[in-house]
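Have a look at the structure below before the remarks.
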Amino acid sequence: MKHLFEDEESGGFYVYNGQFKGAMLIAGFIPKAADELNWIYCISQRSPALVKHNKLIMAD
């Protein structure tokens, strides 16, 4: 998901790993293993953010 922010054609921006981790915690997402460098989350493909992103890709 972090790369979705970077890849957006209109206004994409780089997100540091720590920033993303903090935002996910604030949003209520708990990582599978918080002691790992890159955290993994249980997020559905039907998440509204992913559905919007996939629709943008399909339109291209």
Describe numerically, in nm with one decimal, the distance between label points set 7 Å from Cα along Cα→Cβ at A23 and at E6. 1.3 nm
With each pseudo-label sitting 7 Å past Cα toward Cβ, what's the A33-R46 distance in nm, one decimal? 2.9 nm
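Values quoted throughout were computed directly from the atomic coordinates according to the rules given, and no laboratory measurement underlies them. If you're wondering where the values come from, they're calculated on a predicted model, not measured in any experiment. So basically every Cβ, Gly included, is an ideal-geometry build from the backbone, and we count neighbours across all protein chains shown.
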